[in-house]
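Worksheet for the structure shown next.
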Amino acid sequence: MFMRFSVLALLVAVIFLVLFLRRVMGAPSADNDRLAEVRRRVAPLLNEELKRAHLKAGAPVFIRIFKEERELELWMRDEMGGRYTLFKQWPIATYGMAGLGPKLKEGDGKAPEGFYHVAARQLNPNSKYHLAFNLGYPNSFDQFHKSTGSALMVHGSDVSIGCYAMSDPVIEVIYLLVDAALRGKRQDEVSVQCFPFRMTEARLAREEAEGNEWAVFWRNLKQGYDLFEQTKVPPLVGAKDGKYVFRRRDP
């Protein structure tokens, strides 16, 4: 009887260990009822739309967000050339009322600006805001500047104070494509770049001329923005001495 108990205890321990490792390593979990229903309803039409664009669910994806324009872009890698193609852009329902500029502290109502990465463990199909994924704020850049905050997401339900809120039909498409990319074994993390506005030279120069306190920070963001505009491949991003640093990647 003692032997049976020992074997049972070992089996339970192994099951808990496997579940823990799946969580830590970000392995995609099985669909819950909500996600399964969304997949059944949305995937057939989405796959047809992808086919018309010569794209396929499971390809690596990349997201850009622009506060001032209230737009979110989703790009997908073109398997033929290796560059990313704009699949679609959607209106952002809201990102709160705190305006442009980076998030600095918990409760300031600001949505993050900067370069973030989303792994499978950051996806939440059980969100009270329909579907959601955590941006990973604060990243190493934010931590260097002692910025605080938590649970900063892209999610549905149209409402937010500091997150990027989309309509439910829009977040369903975005979530399915991000989930498919992370399940596809060719992408460990999805890059999400959050900008105050489209980073044209003229637009940024206007802020610099007006002495905006964030102009230097935004000039740093523009370096990463420009690299993608040149190559249509998201650059590698790191942080050093309180600034973002970038490495160009070609197709």
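Please work out if ARG206 is exposed (fewer than 15 other Cβ atoms within 10 Å of the Cβ), at pLDDT 95 or above, more than 26 Å from MET97 (Cα to Cα) and more than 17 Å from the chain's Cα centre (by Cα).
Values: exposed (fewer than 15 other Cβ atoms within 10 Å of the Cβ): yes; at pLDDT 95 or above: yes; more than 26 Å from MET97 (Cα to Cα): no; more than 17 Å from the chain's Cα centre (by Cα): yes.
When the stated conditions are applied, ARG206 does not pass them.
Output the residues belonging to the range 130-158 that are in a loop (DSSP other than H, G, I, E, B) and within 11 Å of TYR116 (Cβ to Cβ).
If we filter the range 130-158 for residues that are in a loop (DSSP other than H, G, I, E, B), which is where we start, we get 130-131, 135-139, 145-152, 156-158.
Correct list: LEU135, GLY136, TYR137, PRO138, ASN139, LEU152.
Taking the range 226-251 on its own, how many of its residues are out of contact with any helix residue (DSSP H, G or I) (no Cβ under 7 Å at 6 or more places or on another chain), within 14 Å of TRP75 (Cα to Cα) and not aliphatic (A, V, I, L, M)?
4
Which of (1) charged (D, E, K, R); (2) within 20 Å of THR231 (Cα to Cα); (3) free of Cβ contacts under 8 Å to residues at least 24 places away in the same chain is the odd one out, the single condition GLU71 does not satisfy?
Going through the list (1) charged (D, E, K, R); (2) within 20 Å of THR231 (Cα to Cα); (3) free of Cβ contacts under 8 Å to residues at least 24 places away in the same chain, GLU71 breaks only (2).
Is at least one residue of the range 164-179 crowded, with 19+ Cβ neighbours inside 10 Å, touching a Ser or Thr at 6+ places or on another chain (Cβ under 7 Å) and either modelled with pLDDT of 95 or more or charged (D, E, K, R) (or both)? Even if it seems obvious, please write down each step before you answer.
Filtering the range 164-179 for residues crowded, with 19+ Cβ neighbours inside 10 Å gives 164-166, 170-179.
Within this subset, residues satisfying the condition of being touching a Ser or Thr at 6+ places or on another chain (Cβ under 7 Å) are 165.
This time we only want the ones that are either modelled with pLDDT of 95 or more or charged (D, E, K, R) (or both), so: 165.
Yes, because at least one residue in the range 164-179 is crowded, with 19+ Cβ neighbours inside 10 Å, touching a Ser or Thr at 6+ places or on another chain (Cβ under 7 Å) and either modelled with pLDDT of 95 or more or charged (D, E, K, R) (or both).
Being among the charged types (D, E, K, R) and surrounded by fewer than 19 Cβ atoms within 10 Å (Cβ to Cβ) is the filter here; which residues of the range 95-141 pass it? Can you show your working first?
We begin by selecting, within the range 95-141, every residue among the charged types (D, E, K, R); these are 103, 105-106, 108, 110, 113, 121, 128.
Residues satisfying the conditions are LYS105, GLU106, ASP108, ARG121, LYS128.
Within the set of pairs 6+ apart or on separate chains, which have a first residue in the range 197-215 that is part of a loop (DSSP other than H, G, I, E, B), a second that is among the aliphatic types (A, V, I, L, M), and C-beta atoms under 8 Å apart?
From residues that are part of a loop (DSSP other than H, G, I, E, B), the pairs are PHE197/LEU100; MET199/LEU221; TRP214/LEU100.
In this structure, is ILE161 within 18 Å of LYS67 (Cβ to Cβ), of a type outside the set (Ser, Thr, Tyr) and in a helix (DSSP H, G or I)?
Details: within 18 Å of LYS67 (Cβ to Cβ): yes; of a type outside the set (Ser, Thr, Tyr): yes; in a helix (DSSP H, G or I): no.
Spelling it out, it is not the case that ILE161 is within 18 Å of LYS67 (Cβ to Cβ), of a type outside the set (Ser, Thr, Tyr) and in a helix (DSSP H, G or I).
List pairs: first in the range 227-240 and part of a helix (DSSP H, G or I), second charged (D, E, K, R), Cβ under 6 Å, 6+ apart or cross-chain?
That search, which allows pairs on different chains as well, returns LEU227/ARG248; THR231/ASP250.
Quick grid of which residues meet (1) of a type in the set (Ser, Thr, Tyr); (2) within 25 Å of LEU86 (Cβ to Cβ):
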residue	(1), (2)
GLY224	no, yes
PRO234	no, yes
GLY238	no, no
TYR244	yes, yes
ARG248	no, yes
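Would you check if there is a residue in the range 82-97 being in contact (Cβ under 8 Å) with a residue 60 or more places away in the chain, closer than 16 Å to ASP179 by Cβ and touching a Lys or Arg at 6+ places or on another chain (Cβ under 8 Å)?
Among the residues of the range 82-97, not one is in contact (Cβ under 8 Å) with a residue 60 or more places away in the chain, closer than 16 Å to ASP179 by Cβ and touching a Lys or Arg at 6+ places or on another chain (Cβ under 8 Å), which makes the answer no.
Assuming ASP142 fulfils every condition listed in (1) more than 21 Å from TRP75 (Cβ to Cβ); (2) touching a helix residue (DSSP H, G or I) at 6+ places or on another chain (Cβ under 9 Å); (3) of a type in the set (Asp, Glu) apart from one, which condition is it?
(2) is the only condition that ASP142 fails.
Do you know which residues across the range 64-82 are at pLDDT 95 or above and either among the small types (Gly, Ala, Ser) or touching a Ser or Thr at 6+ places or on another chain (Cβ under 7 Å) (or both)?
Within the range 64-82, TRP75, MET76 qualify.
Counting just the residues of the range 209-244 that are within 18 Å of GLU189 (Cα to Cα) and among the aliphatic types (A, V, I, L, M), which one comes out surrounded by the fewest Cβ atoms within 10 Å (Cβ to Cβ)?
LEU236
The values are calculated or read from the model by the stated rules, or taken from the named source; none is laboratory data. It should be emphasised that the depicted structure is a prediction, and the values quoted were computed from it without experimental measurement. Counting neighbours? That spans all protein chains shown, and the Cβs are built from the backbone with ideal geometry, glycine included.
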